[in-house]
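Below you'll find the structure, written out as structure tokens, and then a few comments.
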Amino acid sequence: MLPASNAAPAPSHKDEDPVWQAKVHLAAALRMAVMHDFDEGIDNHFTVVVPGREDQYLISPFGVHWSEAKASTMMVFNEAGETLEGNGVVELSAQSIHAPVHRLTGAKVVLHTHQPWALALNMLKANRLLPATQTAAFFDGAIAYDDHYTGLAAELSEGERLSQLMTGGKTVLFMKNHGVMTIGDTVAQAYRRLYKLEKACRTQVLAMGTGQPLNVLTESVIQRIKYPSPQDRHPRSERERLFFEAMMRVIDRVNPGYAD
């Protein structure tokens, strides 16, 4: 047994609270997005279903820079746009897009950004992400495409329209001339998808810039990438957890305070 002076501190009741954990992970993801150049300051939104309350959602108050996000300042809103806990008023596009997407897809986490490389691809008429790299192959069949940008979201019907595109197990939405969205069961899962997506979009846009044809992977190779060997020592869920924990350690060094 370690001496008392070297023992790790016992977790507090707050650390064991799933609502508090969701707030911490949400705040951490927002700060990560700044580090990874996914943010637009105070715009765009990350939301999480409040654990145990399927029709209520966590969000950072509008006007707080993503680099300032804290667990303690997260607010709770509902689909009617009412602030149920915390301080602030939910921004209209967050209400209009995120609440219906949560409700209709069953996603616990919805992340929406205008991150540069994914948006660059979505500015093109031919905006499909091609399985031409190992990273891109993981997204094969998982991306829904909205090819009809309608302007700023101001009605719940817009979120409902977008949700209808995300059927058949789609976990990513390409919003032409707009941005991207990922959904997931956990913040770690949804954020890792967002991170990997930006990498895949960046490499494709860079390769397209050469003017040379892309070498798309064969279907058999794509399937081996998407469904790895049963002997794989690290299943997908563990990779998601380890990735997010590693990124939180980085944030702890470069921009601490998200768990306050």
Only one of Arg249, Arg253, Arg236 is modelled with pLDDT under 95 and either touching a His at 6+ places or on another chain (Cβ under 7 Å) or of a type outside the set (A, V, I, L, M) (or both); which?
-> Arg236
Go through segment 147-172 and count every residue that is of a type outside the set (Val, Ile, Thr) and in a loop (DSSP other than H, G, I, E, B).
-> 12
In the set Leu84, Leu165, Leu111, which member is of a type outside the set (Lys, Arg) and buried (at least 20 other Cβ atoms within 10 Å of the Cβ)?
-> Leu111
Output for segment 212-260, where each listed residue is of a type in the set (Asp, Glu), surrounded by fewer than 15 Cβ atoms within 10 Å (Cβ to Cβ) and under 20 Å from Gln189 (Cα atoms) = Asp232, Glu238, Glu245, Asp252
Of all residues making up segment 114-136, the number that are surrounded by fewer than 21 Cβ atoms within 10 Å (Cβ to Cβ) and small (Gly, Ala, Ser) | 3
Has segment 152-170 got at least one residue that is over 29 Å from Lys23 (Cβ atoms), of a type in the set (D, E, K, R) and in contact (Cβ under 8 Å) with a residue 40 or more places away in the chain?
-> no
When residues of segment 125-140 are filtered for being over 18 Å from the mean Cα position of the chain (by Cα) and in a loop (DSSP other than H, G, I, E, B), how many remain?
-> 8
Mind listing whichever residues of segment 26-48 are assigned to a helix (DSSP H, G or I) and crowded, with 23+ Cβ neighbours inside 10 Å?
-> Leu26, Ala27, Ala28, Ala29, Leu30, Arg31, Met32, Ala33
Residue identified as among the β-branched types (Val, Ile, Thr), more than 30 Å from Leu206 (Cβ to Cβ) and under 17 Å from the mean Cα position of the chain (by Cα) among Val49, Val34 | Val49
Checked segment 210-258 for anything assigned to a loop (DSSP other than H, G, I, E, B), under 20 Å from Ala71 (Cβ atoms) and free of Cβ contacts under 8 Å to residues at least 40 places away in the same chain; matches are Pro256
Being of a type in the set (A, V, I, L, M, F, W, C), within 23 Å of Pro213 (Cα to Cα) and either modelled with pLDDT of 95 or more or assigned to a loop (DSSP other than H, G, I, E, B) (or both), is that true of even one residue in segment 173-190?
-> yes
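The values are calculated or read from the model by the stated rules, or taken from the named source; none is laboratory data. Just so we're clear, the structure is a prediction, and the values are computed from it rather than from any experiment. So basically every Cβ, Gly included, is an ideal-geometry build from the backbone, and we count neighbours across all protein chains shown.
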